[in-house]
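Below is one structure, written out as structure tokens; comments come after it.
The values are calculated or read from the model by the stated rules, or taken from the named source; none is laboratory data. Being a predicted model, the structure only gives us computed values, none of them experimental. Note that we place each Cβ from the backbone using ideal geometry, even for glycine, and neighbour counts take in every protein chain shown. Keep in mind that these areas ignore ligands, DNA and RNA; they rest on the heavy atoms of the full protein, side chains included. Shrake-Rupley method; radii C 1.70, N 1.55, O 1.52, S 1.80 Å.
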Amino acid sequence: MTTRTPIWKSIYSALSSDIADGRYGSGDKLPTEAQLASRFGVNRHTVRHALKVMAEEGLVLARRGAGVFVAQRPTEYQIGRRVRFHQNLEAAGRMPAKEVLLLETRKANPRETEALQLIGSEVHVYEGLSLSDGQPIGVFRSVFPANRFPNLLENLEKARSVTKALQAHGVTDFTRSQTSLTAKTASATIALHLRLSEGAPILRAVSINVDPEGRPIEYGRTWFAGDRVTLTVKGD
């Protein structure tokens, strides 16, 4: 007697082939369980079994309330004395991009005043999304002393690059003086920006950058999507 292949395995094979052939690319959302059940002429439980096995093997990633997505190889992101977003992603073979969420000048809070060793009371705030190959990998907030860099927001809006904006103010080099990493869960706002479910695991990086004289020029916080980034701490 010929042993029949379980239906869920046939669905597994068909979807795996679709991914391998490029029908569904890295990070793409798969059709819903109902749509797949209709495609294969089975019930949703059978589809769910196939997707469960695919998730266990790392082929797909299920996000609560969002659907099932083709797993994407995490972006390699190095943290060392010189951290440059565009250079990091290009070195990893990815296409970097940023989206601006907020540019404003406001009064510094006590944490920012301490981190930046402020003399004046105002700071420039730059908030945005960091993207790798079009997929959001982090939400960031960078804070700068307003009295030292009066036109920084204008330069940031034009260049979308902290490095270039600081160069316009005469800061030709800066280094990371400290970074702290903490495991967190995504708030509703962070989850929305990163296309995650609320409460999903994220990694928060808090950092201070200094100029060649050791004066703090940037206090930053970045919330990375936990499954999309591999952070490597360099010893330089």
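Annotations for the structure displayed:
- Scanning region 147-159 for residues that are touching a strand residue (DSSP E or B) at 6+ places or on another chain (Cβ under 9 Å) and surrounded by 16 or more Cβ atoms within 10 Å (Cβ to Cβ), we see that the one that is modelled with the lowest pLDDT is L156.
- When region 20-33 is filtered for residues that are among the hydrophobic types (A, V, I, L, M, F, W, C) and either more than 33 Å from the chain's Cα centre (by Cα) or at pLDDT below 85 (or both), only A20 remains.
- Failed item, numbered, when L89 is tested on (1) part of a helix (DSSP H, G or I); (2) farther than 30 Å from S207 by Cβ: (2)
- In region 205-227, the residues that are more than 19 Å from Q135 (Cα to Cα) reach residues that are in a loop (DSSP other than H, G, I, E, B) and among the hydrophobic types (A, V, I, L, M, F, W, C) with C-beta atoms within less than 7 angstrom, at least six apart or across chains, in these pairs: N209/F174; V210/F174; D211/V171; D211/F174; I217/V171; I217/F174.
- So R81, is it among the basic types (K, R), farther than 20 Å from Q135 by Cβ and either part of a strand (DSSP E or B) or at pLDDT below 95 (or both): yes
- Residue among L36, L101 that is of a type in the set (A, V, I, L, M), closer than 27 Å to I217 by Cβ and at pLDDT 90 or above: L101
- V143 being part of a strand (DSSP E or B) and of a type outside the set (S, T, N, Q): yes
- Any hit, region 43-63, residues being without any contact (Cβ under 8 Å) to a residue 24 or more places away in the chain, in the same structural domain as A205 (by the TED database) and surrounded by 14 or more Cβ atoms within 10 Å (Cβ to Cβ): no
- Complete set of residues in region 22-42 that are part of a loop (DSSP other than H, G, I, E, B) and buried (at least 17 other Cβ atoms within 10 Å of the Cβ): Y24, G27, L30, V42
- Residue in region 57-78 that is closer than 30 Å to N155 by Cα, of a type in the set (K, R) and not in a strand (DSSP E or B) present: no
- The residue that is nearest to G65 (Cα to Cα), counting only those in region 1-16 that are open to solvent by 60 Å² or more (accessible area, probe 1.4 Å) and modelled with pLDDT under 90, is T5.
- Being of a type in the set (K, R), open to solvent by less than 60 Å² (accessible area, probe 1.4 Å), under 26 Å from the mean Cα position of the chain (by Cα) and not assigned by the TED database to the domain that holds L181 is not true of R94.
- Taken together, the residues in region 116-127 that are buried (at least 18 other Cβ atoms within 10 Å of the Cβ) and modelled with pLDDT under 95 amount to 1.
- Residues of region 169-178 satisfying the condition of being surrounded by fewer than 17 Cβ atoms within 10 Å (Cβ to Cβ) and either out of contact with any Asp or Glu (no Cβ under 8 Å at 6 or more places or on another chain) or outside the structural domain of R215 (by the TED database) (or both): H169, G170, T172, T175, S177, Q178
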